[in-house]
2 protein chains.
Amino acid sequence: MNQQLIEMGQRAQEAANELAIVSTEQKNNALNQMADALLKASDQILAANQEDMDTATEMPDKFRDRLLLTKERIQQMADELRHVAMLQDPTTKIDRGWINKDGLQIIQQRVPLGVIGIIYEARPNVTSGASALTFKSGNAVILRGGKESLRTNEAVVKVLRQSLAAAGMPVDAIQLVKDTSHEVAQELMELNRYIDVIIPRGSQRLIQAVVKHATVPVIETGAGNCHLYVDKDADLQKATPIIINAKVQRPSVCNAAEKLLVHKDVAADYLPVIIAALRSHGVEVRGDERVRKNVSDVKPASAVDWDTEYNDLIMAVKVVDSMDEAIKHINLHGTHHSESIITENGARGREFQQRINSAVVYVNASTRFTDGGEFGFGAEIGISTQKLHARGPMGLDQLTTIKYEVTGNGQVRK
Amino acid sequence: MNQQLIEMGQRAQEAANELAIVSTEQKNNALNQMADALLKASDQILAANQEDMDTATEMPDKFRDRLLLTKERIQQMADELRHVAMLQDPTTKIDRGWINKDGLQIIQQRVPLGVIGIIYEARPNVTSGASALTFKSGNAVILRGGKESLRTNEAVVKVLRQSLAAAGMPVDAIQLVKDTSHEVAQELMELNRYIDVIIPRGSQRLIQAVVKHATVPVIETGAGNCHLYVDKDADLQKATPIIINAKVQRPSVCNAAEKLLVHKDVAADYLPVIIAALRSHGVEVRGDERVRKNVSDVKPASAVDWDTEYNDLIMAVKVVDSMDEAIKHINLHGTHHSESIITENGARGREFQQRINSAVVYVNASTRFTDGGEFGFGAEIGISTQKLHARGPMGLDQLTTIKYEVTGNGQVRK
């Protein structure tokens, strides 16, 4: 095992133990100092970023744009740190408390998870954003970003750690893995002794690699093969704006809709309308046989389409005989992220919500609302598509666990 | 991949989808039918158990006793099924709900996890008990018990499944893996496509093997190297009964205390008293140098002792200079299960609860209270020593996850 990594883990654990009992005010003060310091160090950070940009000339433009920092983007990073400082500290919350039959007072207190590993791509804003959220919730973080952003990350983390020191906080609450080799990433994923949970952020490929190789518990985020179902009792005036919004407002993200299921009773009337509307927004439509019977120039959807998350201006459309067929199709082919039914029938809307096995199930609304900010969580570290620990948008609360604090006056068990 | 196992997984998933929308009354009815049927089938079950006992002649007596069924034990199994029928159905609970800024109604509903795998040893009462808890919480279960109990488990599961059928429930909500080879156990632990979580129940060796080899998420249970700390401000009249209870009331279980730390200011007076008391209850005492200076005939504790869970009438005792030393020792050597401070000093009790990194932290009470029944959860499937998803005693609530049900009237994201 890599000795440097073990030492990072030990230091992180010690920092987490210290941080768990630091006051909210001290943490907020440190976050605001980090924001000030990021702005003050803009020139050094931009210089480091320029070096990264100069090296990463082979990267596709889309990824180069994510790697690039500007004065405005550093300002946004600082704003995010200040915003997190203003959110409620989740570790100040007591979920519940009660007195047991022996007179013991049992308090269920929220406490930090401990040490969180974040594995992500070449996106420097994640470096500060993930640090802010893990720090505010009382956790130590070990960051492992994409190798193309190493110099930028080093510059950002240096500033954050200086601010921690200046604010009297344990500096090892924020650490960066500087060896960006695959071997070290693999060892990081096996550091069970020191890391409580790993959250991968980025592409499906990255996330699946972490899920497969990690022995540390992972919170899986992000896969979204999201469905819209237009019921026979849909208000079609509501359906079109919802479908357009869910598909085109930001097609690259996980809560964008990828599939449209339409009840057979409304297919003949509605398919020409919605397909024309989608096309007018630049969407490529693919359809099953029954869709193509209604709109003949639609490209055929293959079996693979039903399991594919496009993250692009493509939508596959299918006609179903019943809501039951729609539900079974979604539970089988979906990624259990977000689905929506368009219907005016209350009983059917309720049944859809009950039977669909997804994190968020909508009636008459766009799937694009599956987001910590839209839910009112103030911030989000990701959207969990697993069932254990956290499901759906993950805010500060989801970066904590519980502890039972039990107070007695001499009780023994009979 | 084992085709039979895949088919079991598929059937379990289908059963779970059905079960998720079954009413509480129907589930309770089925549980009560299972209880009746177990009693009615006592003779067949006892005959199968006798065959298992006749085969398992090599087993140590302690394990043979756990394998053995009697009329009374079958009655207890039936009583447990009826008891679970009376507990609140966790999937009827709505944790919270709110209206977001766009007027969407967001409901956080508790829902079953889906399919739960239970890997356990040759204890037939776990077969019915775990089935009762997973079924009541709306989950399908795949049971893999110790090979020595196979015939008994087959007889019990046959009865449970017949009752499911008679009650109109999906029979594949309860399935038993009949091939008890290691290979099939390993494949079960990798059935990520169909199993949502695996809960191992039994010895530390079994649990660690599952944690190491499973790719399905595991809830780790049971390791308990639990500590008691006698503070300088302890009421020693309270300390002795708590220490004796925590050590000797049931030494083989995970919430029994294994270590005793004593503040140096009370060591000289208290060590002779508590060591004599422990010995009068048959406890072998091992001590560090400072303990042995006070009570010379105490056996020396080695470095290994501080990390060992004895599950036996043995206790290692150590003198500490301060509460800070006690806390650091416990956080380093403990298993983060249950610890208790004996003190009349309120501030120190509170600090101990805040700084100890364990699932349950007591002031002036025995660690033996860490138990679903004692906490008032009605039943327990195990005691989680991990931080993700569930921590401490796990009742029916911990066998569920959440789903967000969001209802709008045409909202789209801006």
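Proximity of backbone amide H atoms, modeled 1.01 Å from N, is registered between A:Y362 and A:E339, A:S340, A:I341, B:V406 at under 5 Å, excluding neighbours fewer than 5 places apart on the same chain. Sequentially through the range A:58-69, phi angles give Karplus couplings (6.51, -1.76, 1.60; θ = phi - 60°) of 7, 5, x, 3, 4, 6, 4, 5, 6, 6, 5, 10 Hz, Gly and Pro residues having no value and appearing as x. Near A:R201, once Lys and Arg are set to +1 and Asp and Glu to -1 for all other residues with Cβ below 13 Å from its Cβ, the sum equals +1. Which net charge results for the neighbourhood of B:G372, defined as the other residues with beta-carbon distances under 12 angstrom from its beta-carbon, given Lys and Arg at +1 and Asp and Glu at -1? Value of the local net charge: -4. For the pair the range B:42-98 and the range B:338-387, the centres of their Cα atoms are 28 angstrom apart. Distances between placed amide hydrogens fall under 5 Å for A:V197 paired with A:V115, A:G117, all partners being 5 or more residues away or on another chain. For the range A:226-373, the antiparallel share of DSSP beta bridges with both residues in that region comes to about 0%. A simple rule links phi to the HN-Hα coupling: the Karplus curve 6.51 cos²θ - 1.76 cosθ + 1.60 with θ = phi - 60°, which for the range B:233-241 gives 9, 5, 7, 5, 5, 7, 4, 4, x Hz, with x for Gly and Pro. Measuring from each Cβ of chain B to the axis carrying B onto A, the nearest residue and its distance in whole Å come out as B:H389, 2. Computed over the Cα atoms of the range A:226-373, pair by distinct pair, the Kirkwood hydrodynamic radius stands at 14.7 angstrom.
Calculated mean residue ellipticity at 222 nm for chain A: -13500 deg cm²/dmol, from DSSP H runs with n ≥ 4 weighted as -39500 (n - 2.57), summed, divided by the residue count and rounded to 500.
Counting lysine pairs in the range B:226-373 whose alpha carbons fall under 19 angstrom apart, excluding pairs fewer than 8 residues apart on the same chain, gives 21.
With a/c under 1.5 counting as rounded, go ahead and sort the protein assembly as shown into rounded, prolate or oblate using the C-alpha gyration tensor (a ≥ b ≥ c being the square roots of the eigenvalues; past the cut-off, prolate if a/b is larger than b/c, else oblate). Because a/c hits 1.5 or more and a/b fails to exceed b/c, the protein assembly as shown counts as oblate.
Overall, the accessible surface of chain B at a probe of 1.4 angstrom is composed of carbon and sulfur to the extent of 48 percent. Each copy carries B:P241; placing its label point 7 Å along the C-beta direction from Cα gives inter-copy distances of 6.9 nm, listed from smallest up.
Mean sequence separation of contacting Cα pairs (under 8 Å, at least six apart), scaled by the length of the range B:226-373, corresponds to a relative contact order of 33 percent.
For chain A, a/c is not less than 1.5, where a ≥ b ≥ c are the root eigenvalues of the C-alpha gyration tensor, and a/b does not top b/c. That puts it in the oblate class.
Scanning residues 5 or more positions from B:I174 or on other chains, those with amide H under 5 Å from its amide H are B:V141, with H placed 1.01 Å from N in the peptide plane. Of all lysines in the structure, those lying under 20 Å Cα to Cα from A:K158, and not within fewer than 8 positions of it along the same chain, are A:K27, A:K40, A:K71, A:K136, A:K147, A:K178.
Each copy carries a label point for B:R82 at 7 Å from Cα toward Cβ; from one copy, the others' points are 6.6 nm away, ordered from shortest. Taking a sphere under 15 Å around the Cβ of B:N100 and counting the other residues whose Cβ falls inside, with K and R at +1 and D and E at -1, yields a net charge of 0. The residues B:D102, A:D79, sorted by heavy-atom accessible surface at 1.4 Å with ligands and nucleic acids left out, run A:D79, B:D102 from largest to smallest. Report, for the protein assembly as shown, the % of DSSP beta bridges that are antiparallel, rounded to 5. Around 30 percent of the beta bridges assigned by DSSP in the protein assembly as shown are antiparallel ones. For the range A:203-223 versus the range A:139-181, the inter-centroid distance based on Cα atoms is 22 Å. Backbone geometry of the range A:276-283 corresponds, through the Karplus equation with coefficients 6.51, -1.76 and 1.60 at θ = phi - 60°, to 3J(HN,Hα) couplings of 4, 5, 4, 5, 5, 9, x, 8 Hz, x marking Gly and Pro.
Given a 1.4 Å probe, show me the residues in the range A:346-378 buried by at least 50 Å² of accessible surface when comparing the whole protein assembly to the chain alone. Those are A:Q353, A:F369, A:E374, A:F375, which lose 50 Å² or more relative to the chain on its own.
The values are calculated or read from the model by the stated rules, or taken from the named source; none is laboratory data. All values reported here derive from a predicted model rather than from experimental measurement. Positions of Cβ are backbone-derived with ideal geometry, glycine not excepted, and every protein chain shown enters the neighbour counts. The protein model used for the area step is the full one, side chains on, heavy atoms only, and it has no ligands, DNA or RNA in it. Shrake-Rupley method; radii C 1.70, N 1.55, O 1.52, S 1.80 Å.
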